[in-house]
Every structure is written in structure tokens, then in C-alpha cells.
Amino acid sequence: MKETAVIDTANPAPTETPLRVHPPARAARELLFNLVARELKARYKGSALGFLWTLLTPLFMAVIYVVFLRILAGPDVRLEEIVIGVFAWTFTVQSVQSGLTAVTGNANLVKKVRFPRALLPVAATAANLVSFLLTLVVQFVIVGLLAREGRFFSAWSLGLPALIALHTAFNLALAMLLGAANVYFRDTQHLVGVGLSAWFFLSPAMYNLTLLERWTATRPWLLQAYLANPLAPILTGYRALLLGQAFPWGWGAAVGLALPLPLLAAAGAVYRRAQRNFADYL
Amino acid sequence: MADIAISARDLGKCYRVRGHAPPTLFGALTGLGRRRPADRFWALRKVSFDIPRGRTVGVIGPNGSGKSSLLGLVAGTISPTEGAVRAEGRISSLLELGAGFHPDLTGRENVYLNAAILGIAREDVRRRFDHIVEFAGLREFIDQPVKHYSSGMYVRLGFAVAVEMDPDILLVDEVLAVGDIAFQVKCLDRIRDFQRRGKTLLFVTHALQTVEEFCDEAFLVHRGALVERGRPDEVILRYLRSYMGEGGMIFTQEFGTRDVEIRGVRMLDADGRETGIFETGRPMVVEISYTARRPVRDAVFGFSIKTGNGMYVFGSNTQILGLPAARLEGDGRARLSLDPLTLMQGSFILSLAIHSSDHATQYHRREDWYPFAVRNPTGTLGLFHLNSRWEVPDV
């Protein structure tokens, strides 16, 4: 409208080659990659030891549990079992916690930029998956050093990826549900904190199923009900695959292992509905 | 229709307002917190418009009138409750300055992340990276975590990324007021560059001067409705006249003893017609009708003019001009002529005052009371119109 000649010698206009813009699917993938990288970089950059801390924290926890359990329950408590349980539990806890803040923690982004909102919990879970896979290497070493029967690695090459996929699907479902709930309900964080503590004791992270025999020996339905908690068969599954232990098949374990998939479908539907109004509530 | 960049049909956005207590998950799960019917608040309703490609539109209106909701709807960050909005082409919004910057990552990492959010290919960002950094003026800081940046640096980097992404539609929400003067000038240059390249711009701002200067068209939004659209000077004038003092940018005041009261003011153009829009280089006349409730022997008439942005332009009174103090009695009329009007294109606000010559008594003062607009058909440029004459040898 107004003709004003501005010659900006310090900043000549950039070469007029048009920018290439990815089609939506490719752009979403690229953004997911970037978000995961951001999550991981930010997590490991804060401290000098970086990644080492994600390794050391559960490891220390496992050692502490083992020491106390040996005092309380006797010398049969095996470190490698606790290590496997605690690392897998940590994967879920971290997914829940980062899922919880996946949307609210990126309020600025959600309010001001248009992009597929589902990427937020997916990126949070994916970053935790990467951490978990890295800790898995350490678990292999520990298990290799400690496993007495030498039977580990028996069938894991087939079963482990599938179990990790199922575990990840479960974590993603939780991250989506809680991430969306946290936008609308202010007390989600507190309830989740309480829930996680209870859940920790209801899942075989720092103990194995033999501990339950006292109660379940006479009441088999109790074991089945216990196993309907997806984390129970998942954590037990890791031990079964890595240590060659028997897996407690039954309707409880079947329900527990199947549950993550409908849960993920439901979480996806809830999230899709909820995300429409994210920007209004943040 | 191919030339429409943004089109909205019966667009509406309704927010639910839920008293003091926010909903709780505990309540929702246990059914303890019974659902109270939520109050509804329509931030925007029944808004329809088409913006042709290449046009720059300024959205003005009082605070809370729905301007930012409108931008959010166009940007697609908030979903309409009813109606629809369509934007053709890639949108970059300067409402997202620094959005998505992660404090722990370096400037460099954040630039790539930001570009990914906008869907730009990584290699293309790499090619323009130096230019982005140069524009933001952050060469020595680019590998520092952005949490160590000052707020100005943060915004500069955000702006640099946003404009370098070469969008078809640029949405700007009041962000040009940040950064130092040098950077603001750079930003405005870059926005002019956008206009030259035929991009579509949608502005939200309270800086009316900026709307005057940059926009082809202005939208006046009030209480969630698109009240008026048209030439910026006309719309701004309407805005100033209708909504001054309503939480807007202009704080009008009136005070004085009212011994002499300003009853009415008429603003007249060269032909003696009452108007709010004047032309540079032509006369502007202000007629003040007053009533003196008691005889006054020492009255001084004064006026001042500010720009729409509140910058003081000029002030004078009859005393400064060396006129004798006026004796006023009963009804009367005073005339103020500005001939020729040397203001350039823009929105201005006139204040009027009648006070005693010793400045002890303010009879009646209306501060920031009378808005008017100036159009400049002469084609001259600059801050003021200088009455210039050339004598050039005729060979």
C-alpha cells in the first residue's frame, strides 16, 4: 500500500529458493523425532553424569530393596530379579510422570502452534522407551553376571521385543489418559502420586510372585485377580524371558496382557476428543 | 475464490466459565463434585469475512473483545465452537515467538526444533541458519542454553525463526512492541518485505499508528463481533469515538470547575463540513461552543494533539500566542484554525481546555477527548508536512 523503499544492507534478503515443507505425515514424524531428541537432551544435559543417572537411580533403588528384603524376608531375594523388576517399573513410572506433564508442560506450544497434539504424549513415552532400551543393555550385563542357572537369553530374542512393545503400549495409554486429564483436572497430579505408591506395592517390582504364595496358595482366584493388573504379568514376563523362569499362565495373566491394547484404543479416543479444547484450558 | 487467503463463516468460539472451583478428577471419578451448569461466554460469534491474498489486515478493538481468539482460530490452535475458518497456505504466527523453545537446549538446537514444529525440512533450515542467527544478532550466544538469554534475545530468536520460515500467511499478535528500537525497525522492515512479496498478513495490535501505517484494511472487533471493516483511518476513528475509555488504550479525562463549560465541539474541514477525517495541507477548523456560568475575565483557550499511540505532537494556547485573556459571559463560540494542517497520515486525539490566565483555575478541560484522522493525499513522506517550495532553474 505505502511504497517505502527499505534497503537493508546488513541483512540482504535470503536467497529466494522456496523452502521445502514436508507433507503432514513426514512433518509429524520429523517433529516427533525432534521432540524426543529435545526430551532426551534436556534430561541428560542438566547434570554432568547425564544418562548415568537414569541408570544409577533405579540401580541404587534395587540394591536398597535387596538389602532390606534380605533382612526382612531372608537370603533368597535375588538381586537380578529385583533389578529387572525395578527397571521395568521405572519405565512405567517415568512414562506416567512425563505423560502427566506432556501437555501442560508444553502449554506455550499447544496454545500457539498447530501440530498434531498426540505427538506430545507419544514423544514423552518414546523418550522413556529410549532410556529403557539403554538400561536394558546394563540389565543384560547384570543378569549375565548374576544369573546362576545360566539359562538367561533362552527365548528373549523372540519374546522380549513383543513384551517391550506391549509394555510401551500400556505406558502410552496411561500417558495419553493422564496427559489429557491433567489439562482439565487440577488434582490429577496428586491423585496419580497416591495411586503410584499403591500400585508399586501391588506390582511385583521389588518382589516376585513367590512372596504372594502365603496368600494365594489357598486362594488361587486371588493370584488371577492380582495378575489382571497389566504390570504384574509384564514384570513377571521380563523375569521369565530374561531369567528363564516359568510364567504363571492363566486367565488373570491373559487379561493383564490383553488389557493394554483396548486401553490404548480407548485412551486414543479420549485424547482425540479432549485435545480439541486443550488450548482453552491451559 | 482462489485468491482468498483466509475465509471465515459464522465463526464462533464459546468458553465455559466455571466459577471459582476448578473441576477435580477426584470429583469426576467419585461423583462427589456435582456438576454445576457452566456459564457460557462467547468470545467470538457469527464472524464472517474473506481476506484476499496479499492483503494486510489490522484487527483492533478494546481488550477482551475477541481479537486474540480470532487469531488463534485462524492459526488453528483453538477449535471453533461453531462455524468454520479456512486458511489457504502455510501459516506462521508471530504469536508463537519462542513457543516451544526449551530452556535447557541451546539456541541452535531450539532453532531446529522450532523449524520442525513448523514442518520445515532440516536441510533447508541448515541453509538459512546463518541468516537466522545474523538477523537475531545472536552469533556469540547461539550455542548457549536459551535459559541464559534475556527476554529480548529470546524474542529476537523467535522472530528470526518465524519470518525465515517464509509463510504464506503471517499472523502477528502484539509482539512487535518487544525488543529494542533497532530490532523493531528490523522487524517492521521484514514485514514490509512480506507485503511486497504478496503475502497475507493479519495483525492484532493496540498500536493504532502501526495499523495506519501497514494495513490495507482494518477490522474492528467488539464484544466478540466484527463490528466494522474498512479503510484503516475510518475504522480507527470509529473505534476511538465509540470505545474510548472502555478498557481501551485511551484514558479520557474531564475536569475543571465548570465556571466555563465546553458544551459542544464541531470539527470542520475546508468546506465547513463537519467531519472526523482531514487532509494534510488543507485547513482544519475546530469550533468550540461554551457557556460561562458566571462572568470570567481571564480565560485562556488551549489545545493539544497526540498521536493515536499517545505521543505528544503539539500544544499551544491563546496566552502563548500572545492573545489577551478573554472575557466570557453567557454562551459563546471560539474557533481554532489549523491552516494548513501539517500532520501526516494517522490517527490523532485532540484535547481542549479553558483555564484562567494565572493557571490557578481550570475551568473545563477535556483530555484526549476528540479523536480525528488525517489522510495524506499529497504523496509526501515523513513525520510532518513542511510547506516547501522549490525554485529550480528552467533550462
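None of the figures in this text is laboratory data; all of them are computed from the coordinates on show. These figures come from a predicted structure and were not determined experimentally. All Cβ positions, glycine included, derive from the backbone under ideal geometry; neighbour counts span all protein chains shown.
Using only alpha carbon pairs under 8 Å that are at least six residues apart, calculate the relative contact order of chain B and give it in whole percent. Normalised by residue count, the contact order of chain B is 15 percent. Counting neighbouring Cβ atoms within 10 Å and putting the fewest first, the residues A:Thr104, A:Thr168 line up as A:Thr104, A:Thr168. The lysine pair tally for chain A, using Cα distances under 29 Å and a gap of 8 or more places or different chains, is 4.
Ordering B:Ile181, B:Thr30, B:Asn376 by the projection of their Cα atoms onto the charge dipole of the protein assembly as shown, which places +1 on the Cβ of Lys and Arg and -1 on the Cβ of Asp and Glu, puts B:Thr30 at the extreme positive end. Summary value for the stretch B:81-169: 47 percent relative contact order, contacts being C-alpha pairs under 8 angstrom separated by 6+ residues.
So if R0 is 51 Å, what FRET efficiency would B:Val313 and A:Phe68 give, r being the distance between their Cβ atoms, rounded to the nearest 0.05? For B:Val313 and A:Phe68, the calculated efficiency is 0.05. The stretch B:150-229 to the stretch A:173-199: how many Å between their Cα centroids? The stretch B:150-229 and the stretch A:173-199 have Cα centres separated by 39 Å. For chain B, a Kirkwood hydrodynamic radius built from all Cα pairs, placed in the Stokes-Einstein relation at 25 °C and 0.890 mPa s, yields a translational diffusion coefficient of 100 µm²/s.
This ranking places A:Tyr184, B:Tyr363 by how few other beta-carbon atoms lie within 10 Å of each, fewest first, which gives A:Tyr184, B:Tyr363. Taken over chain B, lysine pairs spaced eight or more positions apart, or on distinct chains, with alpha carbons under 22 Å apart number 5.
Averaging the Cα positions of each part gives two centres, and for the stretch B:319-353 and the stretch A:52-128 these lie 74 Å apart. By its C-alpha gyration tensor, with a ≥ b ≥ c as the square roots of the eigenvalues, how is the stretch B:41-87 shaped: rounded for a/c under 1.5, else prolate for a/b larger than b/c, else oblate? Taking the square roots of the gyration eigenvalues as a ≥ b ≥ c, the stretch B:41-87 is oblate. For the stretch A:200-239, no residue has its backbone nitrogen under 18 Å from a point 7 Å from the Cα of A:Leu49, taken along Cα to Cβ.
Pairs of Cα atoms nearer than 8 Å and 6+ residues apart set the relative contact order; for the stretch A:24-281 it is 25 percent.
With a/c under 1.5 counting as rounded, go ahead and sort the stretch A:233-272 into rounded, prolate or oblate using the C-alpha gyration tensor (a ≥ b ≥ c being the square roots of the eigenvalues; past the cut-off, prolate if a/b is larger than b/c, else oblate). In terms of gyration-tensor shape, oblate. Each of B:Met267, B:Met165 has some number of other Cβ atoms within 10 Å of its Cβ, and from fewest to most they run B:Met267, B:Met165. Taking the Cα centre of the protein assembly as shown as origin and assigning +1 to Lys and Arg Cβ atoms and -1 to Asp and Glu Cβ atoms, the resulting dipole is close to 2120 debye.
For the protein assembly as shown, the Cα gyration tensor yields ellipsoid semi-axes of 68, 28, 21 Å (square root of five times each eigenvalue, largest first, whole Å). Per residue, the convex hull spanned by the alpha carbons of the stretch B:253-375 comes to 97 Å³. Rounded to the nearest angstrom and listed largest first, the equivalent-ellipsoid semi-axes of the stretch A:38-100 from its Cα gyration tensor are 28, 13, 8. Start at zero, step by 5 Å, and the Cα-Cα distances of chain A spread as 1, 5, 10, 14, 16, 15, 12, 9, 6, 4, 3, 2, 1, 1, 1, 1, 0, 0, 0 percent across the bins.
Working from label points 7 Å from Cα in the Cα-to-Cβ sense, the B:Ile277 to A:Ala107 distance is 4.3 nm.
Charge dipole of the stretch B:95-167 (Cα centre as origin; +1 on each Lys and Arg Cβ, -1 on each Asp and Glu Cβ, all else neutral): 60 debye, rounded to the nearest 20. Based on a Kirkwood Rh over C-alpha pairs, give the Stokes-Einstein translational diffusion coefficient of the stretch B:95-167 at 10 °C and viscosity 1.306 mPa s in µm²/s. The Stokes-Einstein estimate is 136 µm²/s. For chain A, the dipole from Cβ point charges (+1 on Lys and Arg, -1 on Asp and Glu) about the Cα centre works out to 400 debye, to the nearest 20.
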